[in-house]
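The values are calculated or read from the model by the stated rules, or taken from the named source; none is laboratory data. Owing to the predicted nature of the structure, the values given are computational and were not obtained by experimental measurement. Quick reminder, even Gly has a Cβ in these numbers, built from the backbone with ideal geometry, and neighbours come from all protein chains shown.
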Amino acid sequence: MVGGEITSFVSECVKARNESLARLILHAKRLGADALIKVDFETSGTPAITIFSAYGTAVIVKPVEK
């Protein structure tokens, strides 16, 4: 069989993605935000490393006055 899924690598990728999101949420909370919008994920790297990034816009939600 050629190819296939490397389950240990996939597991580590899921952990890294979740950690990048957790860090984004923590940073937004430290800024006083109560929501994140337009959250996106990006991966890049070299044959030796894989980099996971999460980014979005931290916002403070306020009710609309009528």
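Can we say Ala33 is surrounded by 11 or more Cβ atoms within 10 Å (Cβ to Cβ), without any contact (Cβ under 8 Å) to a residue 60 or more places away in the chain and not basic (Lys, Arg)?
Yes, satisfied.
What is the number of the single condition among (1) assigned to a loop (DSSP other than H, G, I, E, B); (2) modelled with pLDDT of 95 or more; (3) among the acidic types (Asp, Glu) that Glu65 does not meet?
With respect to (1) assigned to a loop (DSSP other than H, G, I, E, B); (2) modelled with pLDDT of 95 or more; (3) among the acidic types (Asp, Glu), Glu65 is out only on (2).
With (1) among the acidic types (Asp, Glu); (2) in contact with a Gly (Cβ under 7 Å, 6 or more places away or on another chain); (3) surrounded by 10 or more Cβ atoms within 10 Å (Cβ to Cβ) as the list, and Asp40 as the residue in question, which single condition is left unmet?
(3)
Say whether the condition of being surrounded by 11 or more Cβ atoms within 10 Å (Cβ to Cβ), touching a residue at least 12 places away in the same chain (Cβ under 8 Å) and in a strand (DSSP E or B) is met by at least one residue in the stretch 14-22.
No, the stretch 14-22 contains no residue that is surrounded by 11 or more Cβ atoms within 10 Å (Cβ to Cβ), touching a residue at least 12 places away in the same chain (Cβ under 8 Å) and in a strand (DSSP E or B).
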